[in-house]
1. Which whole-Hz ³J(HN,Hα) couplings does segment 48-61 yield from phi under the Karplus relation 6.51 cos²θ - 1.76 cosθ + 1.60, θ = phi - 60°, glycine and proline marked x?
2. Pop out the ³J(HN,Hα) list for segment 114-126 in order, Karplus 6.51 cos²θ - 1.76 cosθ + 1.60 with θ = phi - 60°, rounded to Hz; leave Gly and Pro as x.
3. Name the residue from 265, 280, 247 whose Cα lies farthest towards the positive end of the charge dipole of segment 244-291, charges +1 on Cβ of Lys and Arg and -1 on Cβ of Asp and Glu.
4. For segment 7-19, take each phi angle, set θ = phi - 60°, evaluate the Karplus expression 6.51 cos²θ - 1.76 cosθ + 1.60, and give the result in whole Hz per residue in order, putting x for glycine and proline.
5. Once both labels are modelled 7 Å past Cα along the beta-carbon direction, what's the residue 283-residue 142 spacing in nm?
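No value in this document is a laboratory result; all are computed from the given coordinates. Just so it is clear, the model here is predicted, and its values are computed rather than measured. When we count neighbours, we look across all protein chains shown, and the Cβ atoms used for this are built from the backbone with ideal geometry, even at glycine.
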Amino acid sequence: MPAEPSPKDVLFRDGTAQLYRFRKETNGRAQLPLLLVPSLINKWYVLDLRDGASLVQGMVRAGIDTWCLDWGVPNDEDRYLAWDDVLARLHRMIRRVKRETGAPKVGLLGYCMGGTLSGIATALNPDDVAALVNLAGPFDFSQAGILRTLVDPSCFEVDAIADAGNVSSLQMQSGFQTMRPTQSPAKWIGWLDRAHDPKARESFDALEEWAGDNIPFPAAAYRTYIKELYQNNALVNDTHWVAGKRASLRNIKCPVLTIAAERDTICPPPAARGLNDGCGSTDKETILVPGGHVGAVVGSRAPKVLYPAIAAWLDKRLVAPKRVEVAATA
């Protein structure tokens, strides 16, 4: 079964990035649009992995006007794409969604690093965002577990990596494998136990295809991400600046939902909860779901538990103001 099962249209292009709008299945009631923001270093389609295991499907079938930012694959010259440039691109996508729909605000749902970027974008321009969902994105990097240990400044020289150009997917995968060196053989042993089940094989194959389809990390953005966030914990310390503007979590006053996975080693629950601890919202909630960083999003329980929970939370917070007529879906 192919990835990206949800019908969509490309509404905007910005460098290597594209903006998708998914076609609605039902008209539903007037709502503000939702922009999905995936990680900068993984292909976006983990959010639309396959029929029956698709966050996109869950949102569309709930009647939510769903959009997605596809960061694209950086070229060699994108080694100079800075963290400020990445946030500027995200802001342009938000503005484009507002322009296309006529909505005064959008909902943001960021996954993994996309959750971190969405939180920073909201802190910088809080009037653009009606509701923020952080799906396994770290904010308190002092709680980032093994990854924080691996990039500790006492043993990790960021500049030596970034000076060589974009950080390749092989380099990053090596780091993730260092965290759990026995994971790969254990995965294949587990596959043998389920190889007789066609649905299990289909799920395994789809996830393996996505996991092996990684993309480079632009060098300049990587330098800032590791130094500012992982090593200096700038978001929690309120010292993170983007294009001359402080990205203070206290500026986030919209409703906030943080979703953390119980066995997440990429973004342990305390790292994700840093958003709720630091933001200025009075409407904030945390949901702890079973599974790991990826399994929690595309596993068998996600369509039954996670997607409905997100949709129900958003349904109450993305109601369009009566004076605003949101443009019809193409």
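1. For segment 48-61, the Karplus-derived couplings read 9, 5, 6, 4, x, 9, 9, 4, 4, 4, x, 6, 4, 5 Hz, x marking Gly and Pro.
2. Running phi through 6.51 cos²θ - 1.76 cosθ + 1.60 with θ = phi - 60° gives x, x, 4, 4, 5, x, 5, 4, 5, 5, 7, 9, x Hz.
3. The Cα lying farthest towards the positive end belongs to 247.
4. Each residue of segment 7-19 in turn: x, 8, 10, 8, 9, 6, 10, 9, x, 7, 8, 9, 10 Hz.
5. 3.1 nm
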